[in-house]
Amino acid sequence: MDFKQQVVSALSKVLAGEVEADQITKLIEVPKSLDMGDYAFPTFILAKSRHMAPVKIAADLAAQIDAGDFEKVVAQGAYVNFFLEKTSFAKDVLTAIAEQGEHYGDLQLGSGNVPIDMSSPNIAKPMSMGHLRSTVIGNSIAKILTKVGYSPIKINHLGDWGTQFGKLIVAYKKWGSEAEVKADPIKHLLEYYVRFHKEAETQPELDDEARAWFKKLEDGDEEAHKLWSWFRTVSLKEFNRIYDILGVHFDSFKGEAFYNDKMDRVTDALEEKHLLQESQGAEIVDLSKYNLNPALIRKSDGATLYMTRDLAAAMYRHDTYNFTQSLYVVGMEQTEHFKQLKAVLKEMGYDWADDIHHIPFGLITANGKKLSTRKGNVILLEKVLHEAVDLAKQQIAEKHPDLKNADAVAQDVGVGAVIFHDLKNDRLDNFDFNLEEVVRFEGETGPYVQYTNARANSILSKTDVQPDATVELTGVDAWAVLKMLSEFPNVVARAARDFEPSVVAKYSLRLAKTFNQYYAHTKVLVDDAELPARLALVQSVSMILTTSLGLLGVNAPKEM
Ligand code: ARG
């Protein structure tokens, strides 16, 4: 059911020996307005070889082409315009959606395991907006990749190891209390950590103490391990609360600490290949031939680093999952780190390093300022989610006071607003966070798409007539909706190819808008011969809006 392909093959027949099918495919355009047809072929490239004016060539081609499969084929200026046969097009699209349901748009673009490193917040610190981005982008990419044939494995590479735990232990032992940590873990652990940095400015010996405690932790000291484990448990409990609200689940929580006893394998392999060099007491891998800074592998006191643990994790994932691709959804400020990671693996002789992809994303600022945990410029994610849900509750109470399950719907709408707001932007764009904008229920928002879907459902619930995709459907507005529905598989393919959920989000906004235009001009529930076809259209719109939102990790309530 590839309509563009129909156009290509009709053109190929009359251009045999002159233009290759591949090139025809590239040249074909989609006219700006529907009265110029559904596809257009520009004839300029033939002018030279045919020694003819493009306008004349267009006229010749239009006359030659077998118009049998189309409503009509006409020359307009230098273009040959193709009008698809509307009735069969409508039947094809609507029948496919009715039959395949949520599987419409499923593709086989690849296969195999794809670990996705996502979310990965740091223990004892609040989850940042950056981690929210990683969580929702990673979750959506997992859903999109599943739809095109891959088996994603969602991995939360928790930041639960590193020198900061030495600092935290020192700070807790000096200024902390068990009661405080029990009452509000992350708040107080962060306080201790911030205080540590402040006091270390005037008491540099604190840093030595912290290093010593981290070394103890790495060597398995009982007290150090007990404290660390407790900090980890209480932090994870808070993170899980947020993941539950977002509806995001992980296949693995193997964080940095998991690799502590797998470091020798990395350093042994590096030594064996003579890749380790000494530099100011530390051990590094020189990457100057990649135009990169050296990768730090081991500090002078023997402690390993973020990079070392990522090397161990990459090797572990390769052994465990035998992946076809391995993704890291991490902010673009870590671009250099992932370039280094790939380069070191390449130097080690692993050609699967080429299958590792960093999926970067832009920065969120608040009121134009960079967010910083240490400076206290933070947006508290859980608070944002709660406020969004509260605002959704208010809106629903005004617009639909007798709605059943109002609380559950408000949850879907508020949380959906936050997720959608994040995903509708191109992954790499920076954006400024403004809660009022996030929870606006009009314009380019998640609630607008959800509301359009609920409206489609309410139309369907008002009649006993059964939708029927085989009945003829006419009208330009319906045509615009149909064409957009037929685009969905291409949209999925593009989103998967570019690891770009915004492609789906933007599509869902366009489909919602196009459907609302149709609905404004067309009385759907009029009892005439076309009614079952109109209902099939409405049902298909609801199906594709629901599927699109689903690919973003956003629920689509039937009523709101
Ligand atoms: N915990 C890190 C941070 O918050 C992100 C970890 C990303 N994943 C990785 N394998 N390095 O910056």
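The values are calculated or read from the model by the stated rules, or taken from the named source; none is laboratory data. A quick note: this is a predicted structure, and the numbers were derived from the prediction, not measured. Reconstructed Cβ throughout: ideal geometry from the backbone, glycine too, with neighbour counts over all protein chains shown.
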Looking at Arg317, Arg309, can you tell me which residue is within 27 Å of Leu132 (Cα to Cα), basic (Lys, Arg) and touching a Pro at 6+ places or on another chain (Cβ under 7 Å)?
Arg317
Tally the residues that are in contact with a strand residue (DSSP E or B) (Cβ under 7 Å, 6 or more places away or on another chain) and in a loop (DSSP other than H, G, I, E, B), restricting the search to the stretch 157-197.
1
Where residues in the stretch 35-49 are touching a residue at least 24 places away in the same chain (Cβ under 8 Å), in contact with a helix residue (DSSP H, G or I) (Cβ under 6 Å, 6 or more places away or on another chain) and part of a helix (DSSP H, G or I), which of them is surrounded by the most Cβ atoms within 10 Å (Cβ to Cβ)?
Leu46
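State yes or no: is Val248 under 22 Å from Ala124 (Cα atoms), within 14 Å of the ligand (Cβ to nearest atom), within 27 Å of the chain's Cα centre (by Cα) and buried (at least 17 other Cβ atoms within 10 Å of the Cβ)?
Working: under 22 Å from Ala124 (Cα atoms): yes; within 14 Å of the ligand (Cβ to nearest atom): no; within 27 Å of the chain's Cα centre (by Cα): yes; buried (at least 17 other Cβ atoms within 10 Å of the Cβ): yes.
So Val248 fails the test.
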Condition first: of a type in the set (Ser, Thr, Tyr), assigned to a loop (DSSP other than H, G, I, E, B) and touching a residue at least 12 places away in the same chain (Cβ under 8 Å). Can you find one or more residues in the stretch 12-19 that meet it?
no
Only one of Leu132, Leu84, Leu109, Leu94 that is of a type in the set (A, V, I, L, M), modelled with pLDDT of 95 or more and crowded, with 20+ Cβ neighbours inside 10 Å
Leu94
Tally, over the stretch 387-396, of residues that are over 13 Å from Glu436 (Cα atoms), surrounded by 13 or more Cβ atoms within 10 Å (Cβ to Cβ) and not β-branched (Val, Ile, Thr):
2
Index of the failed condition, Tyr328 passing every other in (1) of a type outside the set (A, V, I, L, M, F, W, C); (2) part of a strand (DSSP E or B); (3) away from the ligand (no atom under 16 Å from the Cβ):
(3)
Can you find a residue that is touching a helix residue (DSSP H, G or I) at 6+ places or on another chain (Cβ under 6 Å) and touching a residue at least 60 places away in the same chain (Cβ under 8 Å) anywhere in the stretch 194-206?
no
Counting only residues in the stretch 117-169 that are of a type in the set (Ser, Thr, Tyr) and farther than 22 Å from His197 by Cα, the one farthest from the ligand (Cβ to nearest atom) is identified as Thr146
Could you count how many residues in the stretch 381-430 are of a type in the set (A, V, I, L, M, F, W, C) and without any contact (Cβ under 8 Å) to a residue 24 or more places away in the chain?
3
Qualifying position, being surrounded by fewer than 19 Cβ atoms within 10 Å (Cβ to Cβ), touching a residue at least 24 places away in the same chain (Cβ under 8 Å) and either aromatic (Phe, Trp, Tyr) or within 22 Å of Asp251 (Cβ to Cβ) (or both), among Tyr316, Tyr328
Tyr316
Please enumerate the residues belonging to the stretch 331-341 that are touching a residue at least 60 places away in the same chain (Cβ under 8 Å) and either of a type in the set (Phe, Trp, Tyr) or part of a loop (DSSP other than H, G, I, E, B) (or both).
Gly331
When restricted to Lys187, Lys125, Lys215, the only residue of a type in the set (Lys, Arg) and either closer than 30 Å to Ile359 by Cβ or buried (at least 18 other Cβ atoms within 10 Å of the Cβ) (or both) is Lys125
Looking across the stretch 91-112 at residues that are closer than 14 Å to Ile144 by Cα and among the polar types (S, T, N, Q), the single one that is farthest from the ligand (Cβ to nearest atom) is Gln108
Over the stretch 296-325, the set of residues more than 8 Å from the ligand (Cβ to nearest atom) and acidic (Asp, Glu) is Asp301, Asp319
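Kindly provide the set of residues from the stretch 13-38 that are on the phi > 0 side of the Ramachandran plot and in contact with a strand residue (DSSP E or B) (Cβ under 7 Å, 6 or more places away or on another chain), ordered by number. Let's see the steps before the verdict.
Initial filter on the stretch 13-38 (on the phi > 0 side of the Ramachandran plot): 17, 37.
The answer is Gly37, and nothing else.
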Failed condition for Ile57, given (1) surrounded by fewer than 19 Cβ atoms within 10 Å (Cβ to Cβ); (2) more than 30 Å from Gly475 (Cβ to Cβ), with all others met?
(1)
For the stretch 342-367, give me the residue count where each residue is over 23 Å from Arg497 (Cβ atoms) and either part of a helix (DSSP H, G or I) or away from the ligand (no atom under 13 Å from the Cβ) (or both).
12
Options Asp390, Asp407, Asp402, Asp354; residue that is among the acidic types (Asp, Glu) and within 22 Å of the chain's Cα centre (by Cα):
Asp354
Inside the stretch 268-314, can you point out the residues that are part of a loop (DSSP other than H, G, I, E, B), among the charged types (D, E, K, R) and more than 25 Å from Ala257 (Cβ to Cβ)?
Lys273, Asp286
Among the residues that make up the stretch 227-234, is at least one of them within 16 Å of the ligand (Cβ to nearest atom), on the phi < 0 side of the Ramachandran plot, modelled with pLDDT of 95 or more and among the charged types (D, E, K, R)?
yes
Across the stretch 272-289, the tally of residues that are among the basic types (Lys, Arg) and at pLDDT below 95 stands at 0
Need at least 3 residues that are farther than 26 Å from Thr146 by Cα and touching a helix residue (DSSP H, G or I) at 6+ places or on another chain (Cβ under 7 Å) per element, so show me which helices (runs of 4 or more DSSP H) inside the stretch 413-518 make the cut, counting only ones lying wholly within it.
446-461, 476-486
